[in-house]
Amino acid sequence: MTLQLASAYLPEETAQMTAEGIQFMDHYYSSPLLIKDKWYDLVHASGSWQVQIFYDPQCNDFILVPYDKLGLIVVNRIQLIDLNSDSVQLFEDYFKTMQFLKQRWKRNKIRSKNNKSK
């Protein structure tokens, strides 16, 4: 969709680019292209800024953002998760368990290989 079509058929609004994503109507939106082009690095370095967007009033799953390189890009709604201390501990425990299991698997594989060569 071109910028001309979007402006003819969809409402235009201003959203806020934040460290969590583009904030619009109590939702956050993001895209791999925003990450790749370092929008999040910029917002951490310079603070938030306003972004022109187009949206479908019937569907809040995505917004359209004018993008210099591509005209318009689709930016999808994301679900933020609250990482409280319990959640962080759970992730750390999971990571440690996975690391332990990987090491154990490697040791068993080496033992098995050594036993076959005897």
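Against the criterion of being in a strand (DSSP E or B), surrounded by 15 or more Cβ atoms within 10 Å (Cβ to Cβ) and either in contact (Cβ under 8 Å) with a residue 60 or more places away in the chain or in contact with a helix residue (DSSP H, G or I) (Cβ under 9 Å, 6 or more places away or on another chain) (or both), Ile63 does not qualify. Apart from one condition, Ser87 fits all of (1) in a helix (DSSP H, G or I); (2) polar (S, T, N, Q); (3) within 21 Å of the chain's Cα centre (by Cα); (4) modelled with pLDDT of 80 or more; the exception is (4). Scanning segment 23-77 for residues that are touching a Gly at 6+ places or on another chain (Cβ under 9 Å) and within 21 Å of Leu5 (Cα to Cα) yields a single hit, Val75. The set of residues in segment 1-53 being of a type in the set (Gly, Ala, Ser), more than 18 Å from the chain's Cα centre (by Cα) and not in a helix (DSSP H, G or I) consists of Gly47 alone. Within segment 40-84, being modelled with pLDDT under 80 and out of contact with any Ser or Thr (no Cβ under 9 Å at 6 or more places or on another chain) holds for Lys69, Leu70, Leu80, Asp82, Leu83, Asn84.
The values are calculated or read from the model by the stated rules, or taken from the named source; none is laboratory data. Note that the coordinates shown come from a computational prediction; the quantities given were computed from them, not determined experimentally. All Cβ positions, even for glycine, are placed from backbone atoms using ideal geometry, and neighbour counts span all protein chains on display.
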